[in-house]
Every structure is written in C-alpha cells, then in structure tokens.
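Participant: Below is a structure I'd like to ask you about.
The values are calculated or read from the model by the stated rules, or taken from the named source; none is laboratory data. Model, not experiment: these values are computed from the prediction. Counting neighbours? That spans all protein chains shown, and the Cβs are built from the backbone with ideal geometry, glycine included.
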Amino acid sequence: MDDEDDEELQRALADDIISASEDEGGSDDERKHCKLLEAISSLGGKKRKKLTERSEASIQVSEFTVNAEGEGDKIHLSDLIGTLDKTPSALIKTKKQLKNLQHNQSTLETPLTRKETEKIQREVAFEKTSKEVSRWQSVVLQNQKAEQLVFPLNQEPSGPKRIEQVVAGWKAQTPLEQEIFSLLRMNKQPLHDPVLTPTEEASLRAMSLEEAKIRRAELQKTRVLQSYYEAKAKRGKRIKSKKYHRIQKKVMRKEYLKQFDEMVKTDPAAALEELKKMELSRMKERMSLKHQNSGKWAKSKAIMAKYDDGARKAMQKQLEVNKDLTQKLVIPADEDEEDEEESAETLPDFVNDVEPILDQVNPWMRGKLSTEPMMEESNRLHPPVWPREVGKPGEGRDDQEEDEEQMEETEEESLLRGFEERRKLRQTEDVKVSDDEEAGLSNFTSLFHGLVNHMEPPADQPKAGPGLGQGESPALLEEGLVRVRTLEDVELLSQDISASDTALLTTRDLGTEETDTQSATQQADKKRKKMIDPNEVLTKEAKVIEMPLAPTAVEDVEDKEEQRVIIKEAFAGDDVISDFLKDKRKQEEAGRPKVIDLTLPGWGEWGGLGLQPSRSKRKRFRVKVAPPPPRQDQKLPNIIIAEKRDSSIAAHQVCQLPFPFENPIQFERTIRSPVGRTWNTQNTVQKITAPKVVTQLGAIIEPIAREDLIKDIRQAVTGPSINLESDQGPQKKRRSQCSNGGYKSTLS
Amino acid sequence: RRDSSGTSRSNWKINTMIMKTNNSIYLCRQSFFPSRNSFFSLIFSIFFFLMESLVCASFIHIHAMKVKVLSRNPDDYVRETKLDIQRVPRNYDPSLHPFEVPREYTRALNATKLERVFAKPFLASLDGHRDGVNCMAKHPKSLSTMLSGSCDGEVVWNLTKRECVRTLQAHEGFVRGMVVRFCGTSFFTVGDDKTIKQWKMETPGYGEEEEPLNTILGKSVFTSIDHHQKEGVFVTCGQQVDIWDEQRSSPIRSFSWGVDSFSCVRFNPVETELLASCASDRSIVLYDMREATPLKKVIMNMRSNTLCWNPMEAYNFTCSNEDYNLYTYDMRYLDKPFTVHMDHVSAVLDVDYSPTGKEFVSASFDKTIRIFPKDSGHSREVYHTKRMQHVISIKWSSDNKYILSASDEMNIRLWKANASEKLGLLAPREKAAVNYSQKLKEKFQHHPQIRRISRHRHLPKSIYSQSKELRVMKEARRRKERNVRKHSKPGSMPVVTEKEKHVVTVVK
C-alpha cells in the first residue's frame, strides 16, 4: 500500500517536481522515499533549501551555486549575492541598494510626450547656440566703436612679401642644400633672400626710428649737461676762497645726509652700499695719520696750546673730527648699549689739563675699538653724523673730494634717471596728447560711444538701440513733392524752409533762441519767476517771517489765506519782485548805447602824469551812439523780452541740443573746433576727416570669419598692443594683417 | 618731411653754424667785428669771410667756431622733383584765420547743397527679361557677374557691359530662388516645377547642350534656396525646411514645426551653421544645422517675406514684413525687435545687407527702394523712378558700391549705394576734399538749414500722399489710445511700446 500511495502522490506532484530520476521506476526505493519526503515537505508550504544533486556538472551547476534547472525553487537576489559574500570586499552597498529596490514598489514614470521632449531639446539647443553666438559680442562692439573700419577686413599688408610666404612648398632636396640650410639654421641666419636675421628683426622691433631719435636727443642732452657740470666743477675747484669751499662742502654734506635719509626710506639696498662706502672711508681714515694731532700744524698748535685757548680748542676739534671719522657706526642694540656702559665704566679716569675732553673723545683712550663687533648692516638706520668742518680745509680734503665724487655720481645717476622718467612720461604724454586730440576731434563719436556704453544693457538683456522710441524717432528724410535738380532749387528750398522755420521758431517759446547757456539759465530763472504772480502772492514787505510756534486757535482761517501764508513763508527769503526789476534794469542798461571816448591824451598838447586832456578836446572826441529802437518790453512791466535774438541768424542756429550731447558746452566745443586745412596741419586734418568706413574699389567684402573672432579674443586676452611708432592710435584702425586676403576683382 | 614740421616760422631762423674746418679754406678772425650784437654787422662779417676765403684762400685751421647766421633750410622750400606741388608755407596762427565757424558752416552748407545736386543714383537698367524678375543672385567671387531669375526662365548678366551673357530655360514656370555656390563655379535654382537644379557657371561650349549638372525632384514646390558659406550643403524651403548635401538626392535633415509653408530661408554667413526662415504662419524660425530640432520661433502680427543676416554681426538679422516695416532682431532676444524700421508705405518684399553690415536696403511693393542705417528707425535714402514697378528682389553688391533691384516690369536696375558719390578712382586731393566735406556735413548736421537740405527727397505723389495718410492714421490711433487710457482705470491699459506691439509671442 505504501508503494501505491507513493505512486499516487508522485503522480500528483509530477507537474511540480521535475526530477531526473523519475523515470527510473521503483528500482531504488530509498531514493524514492527521499523524494517523497521532499515532496511532502514542499507541500507543507515552508520552503526549505534543497540540496542540489549533481547529475551533470557542466550544465546544471552554475558557478554561482544557482541551479539552472531551478529544482522548483525561486531564485532570490540574495542567492545571487551569496557568492559575493565570500569575496572580502563585501558589497554591502549593492546589497542595500538591491534591497531598497525590492522595497520600492513605485513604477517608473512614463516618458515625456514627444512634444515636450522636443520643447526641452529646442530649449537646450537654443541656449547652446545663443551662447555660441554671444562670443561675437565683443567683436561687434569693437567694430561699432572703431573710429575707422577698413573693408575688406583681412587685407594683406601691402609691400613686397617674403619668399617663404609666397612659395610654400619648396624644400631643400640635395644633400648639399640640406647641409647649407642646416648650417644657416644653426647660425640663425635668414634662409630665404636677404631677409633680416631674427636678432636684427628683434632690434628693429625694439626701437623705432622715432624712439631712437628721442633717445639720441636725450643722450646728447645728458652729454651736454655733463660737460656743463664738469666745467662748473672745474671752475669751482679753481676758486681759492677757503670760505667758499667750506660753505660748499657744508651744503653738500647736508644734501648728502638728506639724500641718505631718503634713501634709507626708499631704497635700503642702495643705502647699504653707501654705508659700505662710508665704512671704507673710515678705514682709510684710520690708516692715515690725519686728524691725529701729528702733523706740522698740530705740533705747532700743541706748543701754543698751553697758552692759547683757541689753539687748544682747534686741536680738540681736530681730534673730534678724527673720532667722528674713525668711529664705527653703532646700532642702538641692547648689547651695544651695555658695551658702552661698560666702556664708560672702564674708562681711564685721568683728566688732562690741556685736553680735558680728549680722553672722552679719543677712541684709543677708551680701549673699545678693538673689542667692538664688526659693522652690522642694520646700521643703515642711523646715518653717520658727519663731523663739523675743522679750521684746516686741506686736511679733510680727501674725504671731501670723495664726497664730491659720490655726490657727482649720485647726481649723474639722478639726472639719468630723470631723463628715463621724462622719456617714459613723454611716451605716455604722446599717447595722451594723441588721445586728447582724437578726443577733441571726434568729440561727437566719443560722446556717442559714451552714451552707447551708458545705454548698453548687461549682456543678458537686449540692447536698447538709438531708435528707442520708435514711434517718436524723427524721420531721416524730408520727403516732399519738390524735386531738387540744381543749386537754385536747393537755394529756394532752404529759403522756404528757413521762412517756415522762423515762423515755427517765433511760435515756440522764447527760451530756446539763445544758445548761450548763461542766458538760458537766466531765462529759466525768469520763467520760474514768471510762473508765480508776484502781485497775487506777495507783498513787498513780506520779509519778516511771522510764524506761530504752535498751532493756535486761528484754525478757521480760509484755505486761500492759509495757502498764501504758506507761500509767503516759503518765499520769504527771496524778494522776487525786486530781483526781477533789477534784472530788467540791468538788461536795459546793457542795451543802452554807451558813450565812446576817443580822446588821445598828449595828442596836440602836453601829456604826462597827472595831466588831463582839455575839456574841449574831450567834448570833441566823445562820440555818442544813436539810441537803439525802444525796447519791446518797455511798456510791459512784468516781462523781459530779450533783445539779443537776431532773427536773421536764428534760422541758422540750432535750437535744441542734439541727441548725443549732454550739455550745450559740449556741443559748442565740437562746433567751435575747426576741421579744415586752413586751421589745422595736414596730419591733423587727415586724422580728423578720416572716414568711418573705408572700402576698396572693386574689392569683394566677405562676411566676417570665425578666424577673426578667435584672433580678437586672443587680442583681448593679451591686451591691445600699443603701437609706438605710428601716429595713429592703437585702436584706431582695425586692419588685421592676415594672409587670408579678400578676393579682388575689378569691375572694369 | 612734408608735414607740419615746416611751419613758416622755422623757415627763417638764425642757425648756429659750427664751422669745422678740416679741409676748409675759411679764414676767420674772431675780433673782426667786435660789436656782435649788431645783426647786420654779423651778416657782413660772414660775407667778408666768404669773400676773403675765395680771394686769398689762406689755409688756417680752426677747430670750432660759432657764428650766428640767418639761413633757410632748402628742404623747406625746394621741391624734391619738379613734378611735385609747390610747397606753400602756412601760418596756423588762429588770429590770422578768423571766423572759422562761419566759414566752415558756409562750406558745410555748400557741400550739402552740392551733394543734393549731384545725387544721381540711377546708373543703368538691364532689360531683356520677358517676364517679371523674381529673384537674383550675387556671384561670390566676381563683382561683374550677376544672375537673375524671372517668372519664365533665367539669365546671367555681365554688369560692366550691362548686357546679358547667357540665357537658359531653367524651370517651367517661376524661378523661385537661386544661389551661387560659394566657390562661384556653379549655381542652384529652384522653381515651381518642384525641382532643384545645379548649373555650371561657365557657358557651355559650341555644340554642347545647356543641361543642368544635377537635378533633384522634390515632393513639393520649393520657394527659396540658400547655400552654406563654406561647405557643400544647401538649404531649401517649401513645405518644410530641408538641408541637402550636394552629393545626395535626398535631404540630410528636414525641419518642420507645425508650419505648412515657408517663404524664405537663409544661412547665417558668420555662424555658418545657423539658419533662419520666414513662414507663412507669420513666424520666423531659427535652426541650427547640427541640431535635430529647430531652436526657437517668434510669431509676429503679420507675415515676414524675407530676412537677411547681418554679415558682420553674427546674431543680428533683419526681416521685411508685410506690415510695411522691417524689423531687426537680435537672435538671442526674440521677444522684441532690436529696431523697427519704418518708412515704406506698402509691404516690404525683400531686404539685403550691405557687406559692411552698417546698412541695408529694402525693396517694397510701393515701388521704392529704401536704404536704412542698421540702427535707425527711418531710411536715409529713397530711390524710385517713374517706370519702376513693385520691386521684388534687391541685392547690395559685395563691394558696397552698388544696389541692384529687380522689379515687376521685367527690368533690373543698377543704383549707386551712395547717391552723390563719384564713381571711379579718385585723386588723393579729391579724396581729401570728399572726406573734408563729409566731415563738415557731419559736424553741422544738426543745424536746421543743413539738415533740411540734406533730408529733402522728392517722392512720387502717390507715395507722398500715402505716407501722409499713414502718418495721420497713426497719429489718430495714438490719440485714441491715449484717450482710452485717460478714461480707463489707471493700470488697466498698459503702455505697449512700438517694438513690443508687433510681436505676438515667442515659441520655445
């Protein structure tokens, strides 16, 4: 029965369990039993891990311990990872991720509709291209600002070309040629034609003719100055006056000290050098017997010293000089101070009657010099105090001369330096001057540029061009039915227009007639004054402010009254009426004819100081001018009508400030500066009148190329090169020198 | 040497002559004339030296001696060659040349008048077409060659001889568009017969037949064609914008963005991969050849007929619109045009930039041509003749000197771009004079007389009255708007600027 049951069960489970040994029948009972057990256990619902059987290793057992046949078991992710556990770099992270994935139940979003994706694509593409296109902004702006544009843009430089530029494909072929060329190349000699060597080119580039001229002039000047200086020095040397030399030296020393002080501040290294020089001189002094009271003069003085106070003093002075000259320069470091103190302590205590100060002064007596440390560089902070002049000029001569030499040197140096500076300054000035000129000349353009700059929006926003208010911008053309054919027509046209213009002008406000700013402001004042009717608002006595400090009971005053009071207060300070009257009187005065005095003192009679020409003469030569027609505002007390306006000129005058100008002064300046050859030199005229756009006859102008952009960007990075040799400013002409030239062909 | 250095003051100057006499025969006695202050005595002394040196010639060497002499540098007054102009020393002292402003003003006024008198822009009329001229093409390498396509065939012109060089029957029906390949050896045409044809520029030899190099049959009518600046790629438009490789018979890319027909497509000459097209749904669409989709489009109130890119500014283009205006756009900011160019009184049919990128010329249905500065809202010049009908196509020659207009009445006209310019070579002095008068005109341009004269143009009566009418209409509209705004709730009627008015929307 058992067997039968088994059979049944087996049949029932046949669908689920696939076994390789199923077909074998009941030959192997034990195995069957096993299977049964397994089947039952699997029925129980709880999954147990099954031992896999090895039947065919290559197919069924994979290396990941996953049975290919499945054995009815689901494969879990953890099963797959199981093998990974064995590897030391445990992939916990991936495990976690996988787990998260398992937990995450949400489905993927559906892809965007085609319309939307396209929209996004378009936006991205547009961003990209607009960024790409924006690279041109600088070039475009530069071209807009350029004073002159020469088309075609990439023109070949005129003049003969080098062979290597023309013949590109030529090569040295024979071994001899190759050898020669290699030699030439090694020596940096020009390969083709007598072109310049690199060094020559460099030298050419280094100095233009102008610069060389300036440099030469400078050198000449320096030479001349030097010769002057030498001559002067010679003359000075020949002067025998001791006093003169003394004073001279004093002055020099002072100057030297001053210089040294400055040098300490500005150029410590140079100061150090100076210090070293001083140290050398000190050493020399120590070596020599100068100022040691050992000379003839000193000996004679020594004899006299006992009796003569003056002689003693002189000797002391000399010794002092010696001390000063031989003393090492001391730094105020702590150790040194201690040293000094010590030395003071160890100072021998005897006092000579004859030379009481000697021991204090004489370093030999101090016994300190040998122990003193070597001079230190930091001494430069304390420039040595140069000794006072001693009575004997001959003694300190050498030093003085040395000083002089130093002075000379420094002076020459400073001179040269000055020249150098001046040269630099001149260069900058040149640039400035030319700039100024250009600025003055093309005031208009610069102004316009300024405005453009001013108006230029940040790169993100579209620029606001000059045609801002499109609807309101004036037409450039005056279109009419009249055809202008000849000069007479033009004349007539202008007359017509002038007539109409004047009519227009007269109808317009009077304030615009004067171009003078002053009068304009005056006018404005007047206008302002006119607006307030003084008779209504003010009385002449209204100078005192009567203002209640606190609101009082007078609140039920009429509004009008209040208004009046307020205005009264506001304009209490300025007396409008009297100002106006004054103004008017002034204008009247100005318009009144003046008596012209033509008397010449001393003509026909005696003249001189305190002598007046006779009365009859004065009467005779005083000319009275006929009075002008009565003023228009003679009978209008509240109005000033300017008499200056000349209607015949008004037709030719500008009545409104034109667009790019900010104030009338600017405009007037541009008008006032003449352009023509009568007033300017030829070069200036050429510069001023240079047209903005220059095209060549018969040359095809190609659209701007990408190479230009790259070049421009590179230029912008390196900064504009300053062209020293040429008169034209560096940015004036954009004539790039590229070999890629515009194609030329002529119409004829 | 001939510049400002030679002022009159330096012509005569007291030179300090240093006579170094290595081989000299001068005899000098320093104490000859003790009164050196006297100028005349000094001259005398020198005369004496010279005389004596000539007469007695005693050889005494003197190392250096300074003598002050009145001398004149020959460089200042002697011509280098006798062909040179005589040098005229000038004194620039301003007190010697008074009234500079009035004098220059007069000169400016005269220059302006003369400019108007000499303004004769019309050069030639090329007639020979037997139907209205529909399109034209410039030769990229030759100024004298020019192509025109009429409503029945097409012609190649030689401009200098003003004669037709070659005629060929390219299409049946209209020639819609034509373009010369960048190398100038061949050209492409599109026509109403749904074909694109490539032709050789050379005239076929004797016995050879006039046959296209290449013919592509399309599915629909092509309305416009343009060629890439550097590569063998061209673009056509019709129902869609197609980009073609010259070697293939099917487009390498086609763009369509809900638009059924395009009227014009143009390559950007600077950023050569960019394109723009005008569509019949009043939109202007931008493309990048490298991208799969169009970039952006702007829809305007009225349809744009053609557009032209600025050849010097990569991102600016101008389109000619049906609403009588032209609009210059910055392609990065399409939401409103950079400038609105008004003045035409009828639909603008074509536009072309000058090769300098500073100006452009437009052709209109109102039978006029107008030249606009690229920044200005109004034209600086208007050309018209009695016989010129609706101008359909316009080109600015690539040397910036001429304008070609093709019109309905079968003629092509050649105009000067600058009406009063003298053609041909100018002598340097002539050039200088022109520059000077130009500068003067610019300087005094704000003065009323000069402005009025320089602005005056004659217009045909019809156009004059039409423009007047338009002005009145515009004024009336503005007045009405103002009144409405005045009587409506504040803020409910926002102020719309002229630029914003014409743009409907920007589609991304």
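Participant: Within region B:300-315, track down each residue that is facing chain A (nearest Cβ under 8 Å) and either in a strand (DSSP E or B) or in contact with an Asp or Glu (Cβ under 7 Å, 6 or more places away or on another chain) (or both). Give the derivation first.
Facilitator: Taking region B:300-315 first, the residues facing chain A (nearest Cβ under 8 Å) are B:311-315.
Answer for region B:300-315, where residues must be facing chain A (nearest Cβ under 8 Å) and either in a strand (DSSP E or B) or in contact with an Asp or Glu (Cβ under 7 Å, 6 or more places away or on another chain) (or both): B:314, B:315.
Participant: How do the pairs read when you match residues in region A:277-297 that are touching a residue at least 24 places away in the same chain (Cβ under 8 Å) with residues anywhere that are small (Gly, Ala, Ser), using Cβ under 6 Å and keeping only pairs 6 or more apart or on different chains?
Facilitator: none
Participant: Filter region B:330-352 down to residues that are within 9 Å of chain A (Cβ to nearest Cβ) and assigned to a strand (DSSP E or B) and give me whichever is farthest from residue A:127 (Cα to Cα).
Facilitator: B:341
Participant: So in region B:347-367, with the set limited to residues that are touching a residue at least 60 places away in the same chain (Cβ under 8 Å) and more than 14 Å from the chain's Cα centre (by Cα), which one is surrounded by the fewest Cβ atoms within 10 Å (Cβ to Cβ)?
Facilitator: Residues of region B:347-367 that are touching a residue at least 60 places away in the same chain (Cβ under 8 Å), as a first pass: B:354, B:366-367.
Next cut, more than 14 Å from the chain's Cα centre (by Cα) only: B:366-367.
Details: B:366: 24, B:367: 22.
Here the answer is B:367.
Participant: Run down A:675, A:685, A:654 and say which single residue is modelled with pLDDT of 90 or more, crowded, with 16+ Cβ neighbours inside 10 Å, facing chain B (nearest Cβ under 9 Å) and not in a loop (DSSP other than H, G, I, E, B). If you could, list the steps in order and put the result at the bottom.
Facilitator: On the way: A:675 fails: not in a loop (DSSP other than H, G, I, E, B); A:654 fails: not in a loop (DSSP other than H, G, I, E, B).
Result: A:685 is the single residue among A:675, A:685, A:654 that is modelled with pLDDT of 90 or more, crowded, with 16+ Cβ neighbours inside 10 Å, facing chain B (nearest Cβ under 9 Å) and not in a loop (DSSP other than H, G, I, E, B).
Participant: Given the structure, is residue B:365 farther than 16 Å from residue B:266 by Cα and either among the hydrophobic types (A, V, I, L, M, F, W, C) or at pLDDT 95 or above (or both)?
Facilitator: So residue B:365 passes the test.
Participant: Do we have residue B:419 as buried (at least 18 other Cβ atoms within 10 Å of the Cβ) and more than 9 Å from chain A (Cβ to nearest Cβ) here? Please lay out each step first, then the result.
Facilitator: Numbers: buried (at least 18 other Cβ atoms within 10 Å of the Cβ): yes; more than 9 Å from chain A (Cβ to nearest Cβ): yes.
Yes, satisfied.
Participant: Select from region B:425-483 the residues that are more than 7 Å from chain A (Cβ to nearest Cβ) and outside any helix (DSSP H, G or I) and list them in ascending order.
Facilitator: B:426, B:427, B:444, B:445, B:460 - these are the residues of region B:425-483 that are more than 7 Å from chain A (Cβ to nearest Cβ) and outside any helix (DSSP H, G or I).
Participant: For region B:108-142, which positions are more than 9 Å from every other protein chain (Cβ to nearest Cβ) and among the small types (Gly, Ala, Ser)?
Facilitator: B:108, B:111, B:124, B:125, B:128, B:132, B:137 - these are the residues of region B:108-142 that are more than 9 Å from every other protein chain (Cβ to nearest Cβ) and among the small types (Gly, Ala, Ser).
Participant: Tell me which residues, restricted to region B:174-198, are assigned to a strand (DSSP E or B), within 30 Å of the chain's Cα centre (by Cα) and over 23 Å from residue B:350 (Cα atoms). Lay out the reasoning, then the answer.
Facilitator: In the first step, residues of region B:174-198 are kept if they are assigned to a strand (DSSP E or B); the result is B:175-180, B:186-191, B:195-198.
Filter again for within 30 Å of the chain's Cα centre (by Cα), leaving B:175-180, B:186-190.
Residue satisfying the conditions is B:186 alone.
Participant: Out of region B:143-153, which residues are within 10 Å of chain A (Cβ to nearest Cβ) and in a loop (DSSP other than H, G, I, E, B)? Quick ask: steps written out before the conclusion?
Facilitator: Filtering region B:143-153 for residues within 10 Å of chain A (Cβ to nearest Cβ) gives B:143-145.
The answer is B:143, B:144.
Participant: Let me spell it out: the conditions are (1) surrounded by fewer than 12 Cβ atoms within 10 Å (Cβ to Cβ); (2) touching a residue at least 40 places away in the same chain (Cβ under 8 Å), and residue A:610 meets all of them except one. Which number is the exception?
Facilitator: (2)
Participant: State all residues of region A:688-702 that are closer than 11 Å to residue A:151 by Cβ, in contact with a strand residue (DSSP E or B) (Cβ under 9 Å, 6 or more places away or on another chain), part of a loop (DSSP other than H, G, I, E, B) and within 7 Å of another protein chain (Cβ to nearest Cβ); if no residue qualifies, say none.
Facilitator: Once the filter is applied, which keeps residues that are closer than 11 Å to residue A:151 by Cβ, in contact with a strand residue (DSSP E or B) (Cβ under 9 Å, 6 or more places away or on another chain), part of a loop (DSSP other than H, G, I, E, B) and within 7 Å of another protein chain (Cβ to nearest Cβ), region A:688-702 yields A:695, A:700.
Participant: Something else now. Restricting to region B:154-171, what's the tally of residues that are assigned to a loop (DSSP other than H, G, I, E, B) and touching a strand residue (DSSP E or B) at 6+ places or on another chain (Cβ under 7 Å)? Walk me through how you get there before you give the answer.
Facilitator: From region B:154-171, those assigned to a loop (DSSP other than H, G, I, E, B) are B:159-162, B:169-171; that's our starting set.
Now restrict to residues that are touching a strand residue (DSSP E or B) at 6+ places or on another chain (Cβ under 7 Å): B:159, B:162, B:170-171.
Total meeting the criteria: 4.
A quick yes/no check of all residues on (1) in contact with a strand residue (DSSP E or B) (Cβ under 8 Å, 6 or more places away or on another chain); (2) free of Cβ contacts under 8 Å to residues at least 60 places away in the same chain:
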{"site": "B:412", "(1), (2)": "yes, no"}
{"site": "B:435", "(1), (2)": "no, yes"}
{"site": "B:493", "(1), (2)": "no, yes"}
{"site": "B:500", "(1), (2)": "no, no"}
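Participant: Looking at region B:371-401, which of its residues are in a strand (DSSP E or B) and within 9 Å of chain A (Cβ to nearest Cβ)? Write out each step before concluding.
Facilitator: Let us first name the residues in region B:371-401 that are in a strand (DSSP E or B), namely B:371-373, B:381-383, B:391-396.
Across region B:371-401, the qualifying residues are B:372, B:373, B:381, B:382.
Participant: Out of (1) crowded, with 18+ Cβ neighbours inside 10 Å; (2) more than 29 Å from residue B:184 (Cα to Cα); (3) free of Cβ contacts under 8 Å to residues at least 60 places away in the same chain; (4) out of contact with any Leu (no Cβ under 9 Å at 6 or more places or on another chain), the odd one out for residue B:471 is which?
Facilitator: Of everything listed in (1) crowded, with 18+ Cβ neighbours inside 10 Å; (2) more than 29 Å from residue B:184 (Cα to Cα); (3) free of Cβ contacts under 8 Å to residues at least 60 places away in the same chain; (4) out of contact with any Leu (no Cβ under 9 Å at 6 or more places or on another chain), residue B:471 misses just condition (1).
Participant: Output the number of residues of region A:116-136 satisfying the condition of being out of contact with any Lys or Arg (no Cβ under 7 Å at 6 or more places or on another chain), part of a helix (DSSP H, G or I) and at the interface with chain B (Cβ under 10 Å from one of its Cβ atoms). Even if it seems obvious, please write down each step before you answer.
Facilitator: Pass one, region A:116-136, residues out of contact with any Lys or Arg (no Cβ under 7 Å at 6 or more places or on another chain): A:116-118, A:120-121, A:124-125, A:127-129, A:131-132, A:135-136.
Adding the requirement that they be part of a helix (DSSP H, G or I) leaves A:116-118, A:120-121, A:124-125, A:127-129, A:131-132.
Going one step further and asking which of them are at the interface with chain B (Cβ under 10 Å from one of its Cβ atoms), we end up with A:117-118, A:120-121, A:124-125, A:127-129, A:131-132.
Adding up the residues that qualify gives 11.
Participant: While we're looking at this one, here's another question. Filter region B:280-299 for residues that are touching a Ser or Thr at 6+ places or on another chain (Cβ under 7 Å) and more than 14 Å from chain A (Cβ to nearest Cβ); which is farthest from residue A:137 (Cα to Cα)?
Facilitator: B:280
Participant: Further question: Of all residues in region A:231-251, how many are part of a helix (DSSP H, G or I) and either surrounded by fewer than 10 Cβ atoms within 10 Å (Cβ to Cβ) or hydrophobic (A, V, I, L, M, F, W, C) (or both)?
Facilitator: Of the residues in region A:231-251, the ones part of a helix (DSSP H, G or I) are A:231-238, A:242-251.
Subsequent filtering for residues that are either surrounded by fewer than 10 Cβ atoms within 10 Å (Cβ to Cβ) or hydrophobic (A, V, I, L, M, F, W, C) (or both) retains A:231, A:233-235, A:238, A:243, A:247, A:251.
Summing the residues that are part of a helix (DSSP H, G or I) and either surrounded by fewer than 10 Cβ atoms within 10 Å (Cβ to Cβ) or hydrophobic (A, V, I, L, M, F, W, C) (or both) in region A:231-251 gives 8.
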